[in-house]
Structures are given as C-alpha cells and as structure tokens.
Amino acid sequence: MPSSFKELTTDRDGATLHVLLTRPARSNALSATLVEALIDVLSVAATDGVALVTFRGDGENFCSGFDLGDLEQQSDGDLLLKLVRIEHLLQRIAHAPFATLAMAHGKVIGAGCDLFCACSERIASHDAVFRMPGWRFGIALGTRRLVQRVGADAARSVLASSRMFAADEALQMGLVTSIIRREEWPNVMESFSETSSLLEPVSQSMLLNLTTLDTRATDLAALVESASRPGLKNRIQQYRSAERAIRGRKQI
C-alpha cells in the first residue's frame, strides 16, 4: 500500500518498494527528518518480505546532499549527530538484505551521491551530474564505499578536486552501472523487480552480504574522527562562502 510523508513517498508493488524523495524545492536535500524517515522505511523493509528498494528524486534533481538550510542555528555537536545519522542510513542501504536500485537525474551531490553509491544497482539519466565536496570541509563520509565502486585512484581524484563530473564519466569509472533515458525507467524497474525475486530471501541476503565488503565500523570511526575536530561549523561556512564567490565570478 502506498504511504506518504511530507519529505518522501513510498509505494509497495509486490516485493518491490519504491521510495521517492519529495523535497523538490530543496533539490531533495537530506534533512534530519528525511534521514530518519528513510532509516525507518529501510528497517521495516528488512523484515517485511521486500526484495528490492528503488530510490528516485522528485523534481529536477535526485538529491543535493546534506541539508545546510539551518546551519546558523546548529552547533558542531548538532552537525556531527546529523552526519552520523546519515552514515547509519548509508550503511543500512549498503548492507541491506534486499537489492537496492538508485535512479538518478539532475544533480547528485554530496550525501546524495553517497546514497546513490551505496545502492547495489545505480542507473543515471544522461543529464545527471555528480559531485562529492565533503573533503572541502574535512568530512570522511562514504569514502571507502566510493573506493570500492571506482578504485582508489579515481576516488582520490574526484574527492580531492571536488569537481563536477557527468554521467558518461561516472559510467566509465564504475559509479554508474547504466545510463538509461528516464522515459525507459518504468520498464527498467519492472525488469529489476523480476530479477530481484528470482532468489529466495535468505539466499539473496547471503549473496549480497558475501559480495559487499563490510567496513561499517571503520567508516563510522573515520567519519566521527573527521567531524569531531573543532570548527566543523566554521569549515562548512567557509566552504559555502567560497562556493558563493565562485558562482559570483562566473556570473560576471
């Protein structure tokens, strides 16, 4: 049965659960409430006979990352807790007992790119663009998962430069598994739904577990170490100021 929450919508179709991020005005940025809602959805799915969870974004973009809209009201501790909860969400996706499919278009930025990367299958439209700027303010979020997808050299390149890269490059490096037009996504989801139901739940869970490197403890430790350094909020503010200055120069 379909259900809704102001920041996401879910729709159950047999053994497939479709999750749609519905914050288009904020480019589906991951607010604290949206993160908790996603964790709850995945917790229920893990014990409810789900074989596949799909993730899409409403509006023009898939997900613009960690929501910094209330940054001025946040302390370093508040920001650390939010980042830890995002890491818990990413770990639930990466180590889910069911298949996960991300279908991305438009901007796929920061923690949104981490969410995409955590899924077992990752489809992008031709207009999708990717960027992971977290190391600009010293945050070790999703780094090892990206390395597992694309290799150490490619991961280091895109993380150190925090550059934007297109779907074609993401496909070449292995972050994207297929580039498919959005008009074809309904057929793709139907095909993945059929494939994900071929194995009995115990077998599928075991297969996913054996083919996913488990670095959860070290990933969380690295995130906490990086985010707990004094001045987290200040580093994020400096990053945002630098980004605004770059955009201003481009408009001149």
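Quick notes on this one:
- Listed by first and then second residue, the pairs with beta-carbon distance under 7 Å, at least 6 apart or on different chains, first residue in segment 135-162 and within 17 Å of GLY65 (Cα to Cα), second polar (S, T, N, Q), are TRP135/SER162; ARG136/SER162; GLY138/SER226; ILE139/SER226; ALA140/SER226; LEU159/THR143.
Table: residues versus (1) of a type in the set (Lys, Arg); (2) crowded, with 17+ Cβ neighbours inside 10 Å; (3) under 19 Å from the mean Cα position of the chain (by Cα).
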| position | (1), (2), (3) |
| --- | --- |
| ARG181 | yes, no, no |
| MET189 | no, yes, yes |
| PRO201 | no, no, no |
| LEU210 | no, no, no |
| ALA217 | no, no, yes |
| ALA222 | no, yes, yes |
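- Check on ASP76, of a type in the set (D, E, K, R) and surrounded by fewer than 20 Cβ atoms within 10 Å (Cβ to Cβ): yes
- Output for segment 24-51, where each listed residue is more than 20 Å from PRO97 (Cα to Cα) and either touching a Pro at 6+ places or on another chain (Cβ under 6 Å) or without any contact (Cβ under 8 Å) to a residue 40 or more places away in the chain (or both): PRO24, ALA25, SER31, THR33, LEU34
- Restricting attention to segment 210-219, the residues being part of a helix (DSSP H, G or I) and within 14 Å of ALA118 (Cβ to Cβ) number 2.
- Members of segment 52-67 found to be over 13 Å from ALA96 (Cα atoms), of a type outside the set (Gly, Ala, Ser) and under 14 Å from the mean Cα position of the chain (by Cα), listed by number: PHE55, ARG56, ASN61, PHE62, CYS63, PHE66, ASP67
- Residues that are surrounded by fewer than 21 Cβ atoms within 10 Å (Cβ to Cβ) and farther than 18 Å from VAL44 by Cβ within segment 84-93 comprise just one, VAL84.
- Among residues of segment 57-79, those that are of a type in the set (D, E, K, R), part of a loop (DSSP other than H, G, I, E, B) and touching a Leu at 6+ places or on another chain (Cβ under 7 Å), counted: 2
- Unmet criterion (only one of (1) closer than 27 Å to LEU79 by Cα; (2) touching a strand residue (DSSP E or B) at 6+ places or on another chain (Cβ under 6 Å); (3) surrounded by 19 or more Cβ atoms within 10 Å (Cβ to Cβ)) for THR10: (1)
- Cross-chain or 6+ apart pairs with Cβ under 9 Å, segment 169-184 first and at pLDDT 95 or above, then basic (Lys, Arg): ALA170/ARG122; MET173/ARG149; GLY174/ARG149; LEU175/ARG122; LEU175/ARG149; VAL176/ARG122; THR177/ARG122; SER178/ARG122
- Number of the condition not met by THR54 [criteria: (1) in contact (Cβ under 8 Å) with a residue 40 or more places away in the chain; (2) over 22 Å from GLN91 (Cα atoms); (3) not in a loop (DSSP other than H, G, I, E, B)]: (2)
- The residues of segment 94-103 that are assigned to a strand (DSSP E or B) and touching a residue at least 60 places away in the same chain (Cβ under 8 Å), listed by number, are ALA99, LEU101, MET103.
- Wholly enclosed helices (runs of 4 or more DSSP H) of segment 105-174 bearing at least 1 residues hydrophobic (A, V, I, L, M, F, W, C) and surrounded by fewer than 20 Cβ atoms within 10 Å (Cβ to Cβ): 143-150, 152-161, 167-173
The values are calculated or read from the model by the stated rules, or taken from the named source; none is laboratory data. No experiment lies behind these values; they were computed from the predicted model shown. With ideal geometry, Cβ positions are generated from the backbone for all residues, glycine too; neighbour counts draw on all protein chains shown.
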